[in-house]
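Asker: Sharing a structure, written as structure tokens. Questions coming.
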Amino acid sequence: MQRCPALCPGIALSLLLLLAAGQAQAGTLSEEARLVVEAAGGPFTADEFEKFLADLPTIPELTALGAENTEAGGNAILPEEVLDTIRDMGWTEERFFYIYSHAVTVLSLDQMNQAMEQMRAQMAALPEAERQAMEQAMDTMSEALGGSMSAQVQALKDEIDSEVPASEQALILNNVDQLRTALGIPDEL
């Protein structure tokens with residue numbers, strides 16, 4: 001069984017924060033998100049994201065590698081040395097973490113979509129009787145969890161659309177492989 005890198009709780013936290021922010025119409029930034037984007041200096045640019053992707057691997061505490069090396073129950077607050085490193089690279093902490101949070105949130109959704117596609121492909125390859133039994137088990141599980149996985153993923157997508165500007169989502173998704181590499185996420189995850 002694959003172990004989720006310690007980075008996963010950070011991604012999960014980002015997703016939970018987005019869900020807790022309240023429902024907004026898909027594709028339209030919520031008022032709260034609009035204010036956050038404005039306070040952060042506006043949506044990030046392609047040049048900023050390129051610099052972010054180059055700088056991120058030099059901060060192992062924010063990657064899967066650093067998260068794996070952190071002891072369980074460790075301090076969730078970054079050491080001042082890490083913040084100094086971020087500033088030394090020319091970032092303000094706020095801008096760097098604004099980009100980081102949006103990047104890992106959109107990446108999480110992308111990974112969920114990929115997992116669902118793999119699951120669909122595996123299900124399609126099963127013999128009919130096994131596929132039907134698996135679909136029935138998944139339907140039962142979905143009911144217990146409050147809806148189908150597809151509906152839950154769509155709700156999350158709608159929420160992300162209301163919190164992360166479309167231009168940023170496009171930059172992230174167009175550079176998803178580079179982001180995974182910068183975060184130190186293995187290909188098999």
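Asker: Just order 51-59, 115-123 by mean Cβ neighbour count inside 10 Å, highest at the front, would you?
Answerer: 51-59, 115-123
Asker: Can I ask one more? Going by average Cβ density within 10 Å per residue, which order do the peptides 102-112, 131-141, 40-50, 173-183 take, highest to lowest?
Answerer: Top of the packing list down: 102-112, 173-183, 40-50, 131-141.
Asker: Leaving out ligands, DNA and RNA, and with a 1.4 Å probe, what % of the accessible surface on segment 85-184 is carbon or sulfur?
Answerer: 56 percent
Asker: Pulled fully out, how much extra length does the chain show between Gln122 and Ala39, if you take 0.36 nm times their separation in residues and subtract their Cα-Cα distance?
Answerer: Result for the pair: 25.4 nm of gain on full extension.
Asker: Heavy-atom accessible area of Leu35 with all protein chains present, probe 1.4 Å, nearest 10 Å²?
Answerer: For Leu35, solvent-accessible area is about 90 Å².
Asker: Same structure, new question: So between Ala129 and Asp88, what do we pick up on full extension, going 0.36 nm a residue minus the alpha carbon distance?
Answerer: 8.8 nm
The values are calculated or read from the model by the stated rules, or taken from the named source; none is laboratory data. Since the model is a prediction, treat every value here as computed from it, not as a measurement. Cβ: placed from backbone, ideal geometry, glycine included. Neighbour counts: every protein chain shown. The protein model used for the area step is the full one, side chains on, heavy atoms only, and it has no ligands, DNA or RNA in it. Shrake-Rupley method; radii C 1.70, N 1.55, O 1.52, S 1.80 Å.
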